[in-house]
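Notes follow once the structure below has been shown.
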Amino acid sequence: MTKKSTENSWRGNPYKRPGSPYWSFVFKDASGVVRRRSAKTKDLRIAREQLAESLREVELAKAGHVDRFAETRTIPIGTLVEAYKEHLETNDSAPRYVRETVRQLRDFFSFAKVVSVPGIHITDAERFVANIRAKRSAKTRDHYAGALRGFGRWLKKTGRWNSDPFDGLPVKTARDKNRVYKRTSFRFEEAQQLVEAVWARHEAENAQGGMPTQDGYEDAVRDREVLYWAALTTAFRANELASLRWEDLKLDSPKPSVRLAGKYTKNGDDANIPLQAFVVEALRKMRARRSTAQMRRDLGPVLETDMVFKVPSKIAEIVRKDAAFAGLIPLRSPTNKRVDFHCLRKSCARILIELNVHPKIIQQTLRHSDIRLTMDLYGELGEDDLFRELPGKFPVPRMFAEPDENAVVGSATA
């Protein structure tokens, strides 16, 4: 069998192998050995840049320059991702953030078929996040971009690479000024409809055979009812509720309350919010139910250091489905009123306003530094309030008043 010569195997440099959509290139290393590499890209410009970079490295090696990044070039990208994961964990990053960041990095490296750092190209990253944006929200796209930029900065900062390979990748999607969304807010009656829809939707989907069958799912549905009421009565955000442990709740105190450490609040201050009596009772039942379930699995009762709520990662989507089932939002028709978990916080403010609670109390409940934010952003009323309050308020002008048949008509005078 005759071996193809280096020069005449395929024409051009970079070149394409028969049947391959990707560019490859050939060069001689510092010792004169012919090396063939796949650029793993369909972009000819990128392939030429890789070839030029390889030739520069050869010239530096011939001139006696030491490649400080030779070791990094050969390390599998998966190994570097694990090292970055350890770095995040060492810096006390939230476990959920670490998991999501690692998953997002692996999604990109799988998409771009990256096996080592030299295979990272900014154009691939741009195509990747554009692809994410086409399927997901702008916020999700920004999370992916942020994960890539964080990894790139870590490579440069730790001396593993000479530059950030993702430098220039925007981490924030430019705001579309023509697309304005406002979160909706629910009145108390609507809030009741929303929470009641949680179990009703579960039963409806279960009747259709579309519900999961795993053990404990019904308990999770009941827990979501308590989660909604906790948010509606305390104005806590999703991440704040997810950070609560049972030791943060004072359920047996003469003044039941929930304490939230400043580490988890948006303004950095500790929060201590009173709990409504019906929420206290719901929390007690939830803890008892969870302890019973754990005892059946020989896991022991719920401890004070255990987490109170298990907030699903797709809680915003779940809230929208519950609201649609309750008839509070359209199932299909577009609307500029956004419904997600944060709208429960806004609903808390609206309900308190309807109950004539003093504005300063509402401000303290929502933990705003400026009461104008409380009243302007969270205190806005809905269209139904307009139609409930405005009709009939104006006195009827005389010209439109019904004539009084009992009125005495005076006699005409000369």
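Quick note: the coordinates plus some simple rules give every number you see, no bench work behind them. As the structure is a computational prediction, the values presented were derived from the model and not from experiment. Cβ coordinates were reconstructed from backbone atoms using ideal geometry, including for glycine residues, and neighbour counts include every protein chain displayed.
The figures follow:
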read-out: Chymotrypsin sites (Phe, Trp or Tyr not before Pro) restricted to segment 92-189 and DSSP loop, no more than 13 other C-beta within 10 Å; value: TYR181
read-out: Residues ILE361, ILE77 arranged by fewest to most Cβ contacts within 10 Å; value: ILE361, ILE77
read-out: Size of charge dipole - segment 130-178 - debye, nearest 20, with Cβ of Lys, Arg +1 and Asp, Glu -1, no other charges; value: 160
read-out: Order of THR74, THR41 - criterion: other Cβ atoms within 10 Å of each residue's Cβ, fewest first; value: THR74, THR41
read-out: Among GLY64, ILE46, TRP23 - extreme Cα towards positive end, dipole of segment 15-67, charges at beta-carbon; value: TRP23
read-out: Cα gyration tensor category, rounded, prolate or oblate, for segment 275-323 with a/c compared to 1.5; value: oblate
read-out: Taking HIS342, HIS202 and counting other C-beta atoms within 10 Å, the order from fewest to most; value: HIS342, HIS202
read-out: Segment 36-96: trypsin sites (Lys or Arg not before Pro) falling in loop per DSSP and having at most 14 other Cβ within 10 Å; value: LYS42, ARG68
read-out: Approximate shape of segment 75-157 as ellipsoid semi-axes (Cα gyration tensor, √5λ), whole Å, largest first; value: 20, 17, 10
read-out: For segment 183-386, projected area of the alpha-carbon convex hull averaged over all directions, nm²; value: 12.5
read-out: Dipole moment magnitude, nearest 20 debye, segment 15-67 about Cα centre, only Lys, Arg, Asp, Glu C-beta charged; value: 360
